[in-house]
């Protein structure tokens, strides 16, 4: 029997946007890290300083070293370590982008249950991304 | 060189190489630990060790059929000088990046099922956020203790569990019918379409609350738990379970990753080489997959996991 594709339209929409976003994410992460380590841009804290304190608990580490966390990097994109951190934030946004992308597809399919469920899922992820519960910056 | 001769060489060399990798990992880790206690290494040497280490983990993880995240956190937190907060943050991103790169082809082929994943991930991602917050608020020794117990338990479950490739579900439950969770996929092994449906959906939802919590708390990719729940509890075919687990993992780990990002528990210096090493390793592992005896590697990895779990337990007691 010849292989048939059984994925529905919404699923294919998700796959398409995920393929593009994850490829961009991997390139962004590689480029950000190379810029960070090469010293092409100045860093908020040099790698050697980070290494001196990476045995500390995250909360204590941030008292000792000024590196980005949460969204506090947004106004400081001209730094190598900030760029590398931004690339990781992008990776954590990929699922939100993909889920938001398929909401109109579910609406077109008149699938009320999954329209609501996907909107709720996006809301949960945005809630986490906003740092409301985790004391974000 | 003839094909048979080449196959013979492959069959001899690859298991020898993998055996070497499995021996090198604990040896390299112990060496790393000795260096950690002694002279300070330059940060870039640590980065190279971490990259090589995660590369090797990636190879054996895919051959053994386990997620990279579940190996990464206990082993790296036991043997590297990084605080467990940063290891868990990196572990989540390792699992997330793997899931994001694997997700697209699995969805396109119809192996991962969007509706099944969304139904379980909504509740799982909420508990994942809570798990991450609880995990980051705990003292380090408590995290090591619970991680050790969890990893030893996981290795026991992996040793004992037997998957069911094609469960036959005659009576789907009312909730799965209401949520339209069923599907059909083309099975490359049987060369035919397989129809499937599920049952015990409410039980599955409860179990995904627990799985999401654990994934967030310990920074583990939770494939080790997602797959048995999809396959053995809900009754989805094994291939659908594995593929849909990847998709659920991408949602749950995203939710937890944001908590780690906001709590400052993600350092690019540690996370990026881990992601790169694991992704390259899994690509090589996927190429070797058809050429090695996976059950032997799987047993060795289970043993490695058990050792890492015991090591975390000992660390929690200051030993």
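When B:136, B:100 are checked against the criterion of being over 17 Å from residue A:124 (Cβ atoms) and modelled with pLDDT under 90, B:100 stands alone in meeting it. For residue B:212, the conditions (1) part of a helix (DSSP H, G or I); (2) free of Cβ contacts under 8 Å to residues at least 12 places away in the same chain; (3) within 14 Å of chain A (Cβ to nearest Cβ) are fulfilled apart from (2).
In the set (1) farther than 17 Å from residue A:92 by Cβ; (2) surrounded by 24 or more Cβ atoms within 10 Å (Cβ to Cβ); (3) within 16 Å of the chain's Cα centre (by Cα), residue B:250 fails one condition alone, (1). The set of residues in the stretch A:80-90 that are within 25 Å of residue B:81 (Cβ to Cβ) and either facing chain B (nearest Cβ under 7 Å) or more than 13 Å from the chain's Cα centre (by Cα) (or both) comprises A:80, A:81, A:82, A:84, A:85, A:88.
Of the residues contained in the stretch B:249-264, one or more are found to be within 22 Å of residue B:217 (Cβ to Cβ), assigned to a loop (DSSP other than H, G, I, E, B) and at the interface with chain A (Cβ under 10 Å from one of its Cβ atoms). Within the bounds of the stretch A:43-58, is there any residue that is under 21 Å from the mean Cα position of the chain (by Cα), in a helix (DSSP H, G or I) and facing chain B (nearest Cβ under 9 Å)? Taking every residue of the stretch A:43-58 in turn, at least one turns out to be under 21 Å from the mean Cα position of the chain (by Cα), in a helix (DSSP H, G or I) and facing chain B (nearest Cβ under 9 Å). One residue stands out in the stretch B:225-248 among those that are touching a helix residue (DSSP H, G or I) at 6+ places or on another chain (Cβ under 8 Å), farther than 23 Å from residue B:90 by Cα and in a helix (DSSP H, G or I): the one that is nearest to the other protein chains (Cβ to nearest Cβ), namely B:240. Only one residue in A:74, A:94, A:65 is surrounded by 15 or more Cβ atoms within 10 Å (Cβ to Cβ) and either at the interface with chain B (Cβ under 7 Å from one of its Cβ atoms) or within 23 Å of residue A:22 (Cα to Cα) (or both). Which one? Sole residue among the options that is surrounded by 15 or more Cβ atoms within 10 Å (Cβ to Cβ) and either at the interface with chain B (Cβ under 7 Å from one of its Cβ atoms) or within 23 Å of residue A:22 (Cα to Cα) (or both): A:94. More than 8 Å from every other protein chain (Cβ to nearest Cβ), part of a helix (DSSP H, G or I) and within 22 Å of the chain's Cα centre (by Cα): is that true of residue A:35 in this structure? Answer is yes for this residue.
Just to be sure before I move on: is residue B:310 surrounded by fewer than 24 Cβ atoms within 10 Å (Cβ to Cβ), away from chain A (no Cβ under 13 Å) and at pLDDT 85 or above in the structure I sent?
Details: surrounded by fewer than 24 Cβ atoms within 10 Å (Cβ to Cβ): yes; away from chain A (no Cβ under 13 Å): yes; at pLDDT 85 or above: yes.
Yes; evaluated as a whole, the condition is true for this residue.
Restricting the stretch A:5-20 to residues that are at the interface with chain B (Cβ under 8 Å from one of its Cβ atoms) and in a helix (DSSP H, G or I), the residue that is surrounded by the fewest Cβ atoms within 10 Å (Cβ to Cβ) is A:16. Each residue in the stretch B:161-183 was checked for being touching a residue at least 24 places away in the same chain (Cβ under 8 Å), within 14 Å of chain A (Cβ to nearest Cβ) and over 23 Å from residue B:225 (Cα atoms), and 1 of them qualify. Filtering the stretch A:109-137 down to residues that are more than 7 Å from every other protein chain (Cβ to nearest Cβ) and without any contact (Cβ under 8 Å) to a residue 12 or more places away in the chain, which residue is surrounded by the fewest Cβ atoms within 10 Å (Cβ to Cβ)? So the residue we want is A:110. Being more than 9 Å from chain A (Cβ to nearest Cβ) and within 15 Å of the chain's Cα centre (by Cα) is the requirement here; does residue B:305 meet it? Spelling it out, residue B:305 is indeed more than 9 Å from chain A (Cβ to nearest Cβ) and within 15 Å of the chain's Cα centre (by Cα).
The values are calculated or read from the model by the stated rules, or taken from the named source; none is laboratory data. All values derive from a computational prediction rather than experimental measurement. For neighbour counting, all protein chains shown are included, and Cβ atoms are generated from backbone atoms with ideal geometry for every residue, glycine included.
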